[in-house]
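Below is one structure, written out as structure tokens; the observations come after it.
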Amino acid sequence: MSRLLRGELIKTVTTRTVLGFAVGTVAFAALNALVVAAWSGTLDEVAEKEEALSAMPVLLLLWGLVGAAGEYRHRTAAPAALVGRRGRGVVLSARIAAYALTGLLLGALTTTVSVGLALPLLSDQPGPDLTSADVGAVVAGNLVAFVLSTILGAALGALIRSPVLGVVVLLVVNFAVVPLLSGVWEAGVNLTPFGAAGILSRMTHHTTLSVVSAGWVLAAWTVAVTLVAVVVERRRDLA
């Protein structure tokens with residue numbers, strides 16, 4: 001398993017896709033820090049200041065989906081199973097683990113940039129300052145959201161197997177279905193992966209769902225979709 005994981009990890013970190021998403025995620029985190037901390041006016045609540053430290057885990061959900069689905073588009077999924085001499089579900093599990101580890105590294109990089117940029121900008125804001133415990137909680141939430149979002153994206157990619165279709169579905173759900181749900185049942189948005197990730201990373205605050213509960217919601221989605229993906233992978237041909 002360790003050899004299989006190492007091989008999948010090498011594939012994951014040596015593609016141009018991961019570099020592009022790394023640059024994009026860091027850029028969006030830096031922009032969010034600037035917009036919230038420096039350009040959005042007075043921030044006198046802790047929750048508002050925590051938002052400046054937030055990253056955007058949904059981007060790694062998109063990366064996981066594109067990367068994992070690309071294995072089927074480029075027909076590299078079947079050779080990986082044959083060369084590794086392992087079951088299809090085992091290979092997919094190793095691939096998802098590789099994405100999780102890479103997502104953790106990207107999350108650490110992105111969070112370092114957002115925290116390093118936002119904290120000095122927040123020093124001139126009125127109200128209570130962010131304590132070390134506050135910053136640590138935001139960092140932990142960001143990292144958990146990044147890892148779970150990456151795993152969820154990779155599992156979805158294995159199910160959909162088409163990067164283009166996957167991106168279209170993800171964008172439609174995020175920008176059409178979720179806003180419609182918000183208009184009908186606002187609290188229901190928090191129970192979606194997008195809503196839960198936003199709360200966990202502090203991008204969203206003043207909601208009916210706590211940060212810990214949001215973590216459990218996102219974890220439940222991730223585990224459920226991953227289990228379905230592994231079961232389906234075992235039963236279908238890797239054509």
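The values are calculated or read from the model by the stated rules, or taken from the named source; none is laboratory data. A quick note: this is a predicted structure, and the numbers were derived from the prediction, not measured. Cβ atoms come from the backbone with ideal geometry, glycine included; neighbour counts cover every protein chain shown. Surface areas here come from the heavy atoms of the whole protein model, side chains and all, with no ligands, DNA or RNA. Shrake-Rupley method; radii C 1.70, N 1.55, O 1.52, S 1.80 Å.
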- Message: Tell me whether the stretch 210-218 contains one or more residues that are over 23 Å from LEU53 (Cβ atoms), open to solvent by 50 Å² or more (accessible area, probe 1.4 Å), assigned to a helix (DSSP H, G or I) and β-branched (Val, Ile, Thr).
- Response: no
- Message: Just to be sure I understand, how many residues within the stretch 31-69 are of a type in the set (A, V, I, L, M, F, W, C) and open to solvent by 20 Å² or more (accessible area, probe 1.4 Å)?
- Response: 12
- Task: Identify, from the list GLY87, GLY41, the residue that is of a type in the set (Gly, Ala, Ser), modelled with pLDDT under 90 and at positive phi.
- Result: GLY41
- Return the pairs, sorted by first residue and then second, in which the second residue is of a type in the set (A, V, I, L, M, F, W, C) and open to solvent by less than 10 Å² (accessible area, probe 1.4 Å), the first residue lies in the stretch 134-161 and is at positive phi, the beta carbons are less than 9 Å apart, and the residues are 6+ apart or on different chains. ARG161/ALA68; ARG161/ALA69; ARG161/ALA77
- Query: Do you know which of the residues in the stretch 12-26 that are without any contact (Cβ under 8 Å) to a residue 40 or more places away in the chain and over 16 Å from ALA100 (Cα atoms) is surrounded by the most Cβ atoms within 10 Å (Cβ to Cβ)?
  - Reply: GLY24
- Task: Test ALA197 against the criterion of being among the aliphatic types (A, V, I, L, M), open to solvent by less than 70 Å² (accessible area, probe 1.4 Å), farther than 18 Å from LEU65 by Cβ and within 15 Å of the chain's Cα centre (by Cα), and give yes or no.
- Result: no
- Task: Search the stretch 218-239 for residues that are over 15 Å from GLY87 (Cβ atoms) and pair each with any residue that is open to solvent by 50 Å² or more (accessible area, probe 1.4 Å) and modelled with pLDDT under 95 when their beta-carbon atoms are under 8 Å apart and the residues are at least 6 apart or on different chains.
- Result: VAL225/LEU159; VAL228/LEU159
- Note on the structure: Only one of (1) modelled with pLDDT under 95; (2) within 25 Å of TYR99 (Cβ to Cβ) does not apply to VAL189, and that is (2)
